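All remarks here apply to the structure that follows.
The numbers here are math on the coordinates, done by the rules we state, and not lab data. None of the values given here were measured: they were computed from a predicted structure. Cβ sites come from the backbone with ideal geometry, for glycine too, and all protein chains shown count toward neighbours.
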Amino acid sequence: MASLAPEGSFWHGMLIEIGQQWKIATDGEVILRIYPGGVVGDERDMIRKIRIGQLHAAAVSTEGLHEINPDVYVFALPMIYDNYDDVEWMRSQMGQRLQNGMKDNGFELLAWADVGWVHHFSTKPIIYPEDLKQLKHFTWAGEYRAAELWKKGGFQPVPLASIDIMPGFQTGLIESVSTTPIFALKQQLFGIADYMLDIKWGLLTGALIVDNRTWKKIKPSHQNAMISIAKEVIGSNKEIIRSGGGEKAISAMEEYGLKVHRHSPEELQVWKDFIKSWEKDIRGGYISVELYDTAQEIMSRKPY
């Protein structure tokens, strides 16, 4: 199993725990070997290597999952979620559709996992969309739709592999990145990108996936145990992930010089108005019209 989770990180520790429990539950028939920290490449590389049989599984975020099922972009829409209740509601409504789509494309989804809220980190202060437009902004290499969307929004996307984010900042190739606080903390990005806008730009969600060819070789009883263990380990650490990967990480970086701009209601409205004006490029461009409308309809009927 491959993952971008840095070796020694909380997420890496969870994968180790899952592997240990899998070995016990399957009487040693399933042994998990983990390749952390992107040593086998970016998430798209992981998916490609699974398809050709070099890997069997991965713990990936939205960026890797969309290679299997583009519908997962429902979690990447900017500023559609205000809190984790919104996220849970969307998962409850879209989870089966997403899981079935991944299975149809050769992958078994074992469990969802939170990665965290995405914020803008930059070398210069960002308060309004116009500020971000002045900066060279990281986008994931190979994801042409995202790069095109950023361009249409008036931004300056620079496609790079995730392992090139820090070198990109060091050389001035990029000046901003949209990522989670825990990633910025673990990669020490805040030493250069020492400004953060405290707006929940989007959600980075993740999942454990296994190649169907490998999955079918495992006994059904073992499969059930593995799914149960994955969900239990991730679920038992959910609150730690959500709190430690957010405000705690931000506070830790602030102690070492990160300057956080906590937006006013008026500033937040400017961003929401901008997203509304960007809708023409998102709907039918970044994601399908049907998926966009489905996501909006689901969020319009939240039961709380």
## Note on the structure
Apart from one, (1) buried (at least 18 other Cβ atoms within 10 Å of the Cβ); (2) over 17 Å from ALA113 (Cα atoms) all hold for GLY8; the odd one out is (1)
### Query
Any residue at all in the range 265-288 that is surrounded by 14 or more Cβ atoms within 10 Å (Cβ to Cβ) and of a type in the set (S, T, N, Q)?
yes
## Note on the structure
Restricted to the range 111-141 and to residues being of a type in the set (Val, Ile, Thr), in contact (Cβ under 8 Å) with a residue 24 or more places away in the chain and part of a strand (DSSP E or B), the residue surrounded by the fewest Cβ atoms within 10 Å (Cβ to Cβ) is VAL118
### Query
Of all residues in the range 30-46, which are among the basic types (Lys, Arg) and under 16 Å from LEU208 (Cβ atoms)?
ARG33
### Query
Quick one: which of GLU297, GLU267, GLU290, GLU279 is of a type in the set (D, E, K, R), in contact (Cβ under 8 Å) with a residue 24 or more places away in the chain and part of a helix (DSSP H, G or I)?
GLU267
### Query
What about GLU108, is it outside any loop (DSSP other than H, G, I, E, B), surrounded by fewer than 20 Cβ atoms within 10 Å (Cβ to Cβ) and in contact (Cβ under 8 Å) with a residue 60 or more places away in the chain?
no
### Query
What is the residue count in the range 22-44 for residues that are surrounded by 18 or more Cβ atoms within 10 Å (Cβ to Cβ) and in a helix (DSSP H, G or I)?
3
### Summary
Of those in the range 194-222 that are assigned to a helix (DSSP H, G or I) and touching a strand residue (DSSP E or B) at 6+ places or on another chain (Cβ under 8 Å), the residue farthest from PRO265 (Cα to Cα) is THR214
### Summary
Of the residues in the range 48-59, those that are in contact with a strand residue (DSSP E or B) (Cβ under 7 Å, 6 or more places away or on another chain) and either in a helix (DSSP H, G or I) or within 22 Å of ASP114 (Cβ to Cβ) (or both) come to ILE50, ALA57, ALA58, ALA59
### Message
Which of the numbered conditions does VAL210 fail, given that it passes all the others? Conditions: (1) surrounded by fewer than 20 Cβ atoms within 10 Å (Cβ to Cβ); (2) more than 19 Å from GLY116 (Cα to Cα).
### Response
(1)
### Task
Return yes or no: is TRP11 of a type in the set (A, V, I, L, M, F, W, C), assigned to a helix (DSSP H, G or I) and out of contact with any helix residue (DSSP H, G or I) (no Cβ under 7 Å at 6 or more places or on another chain)?
yes
## Note on the structure
Every listed condition ((1) on the phi < 0 side of the Ramachandran plot; (2) surrounded by 12 or more Cβ atoms within 10 Å (Cβ to Cβ)) holds for SER300 save (2)
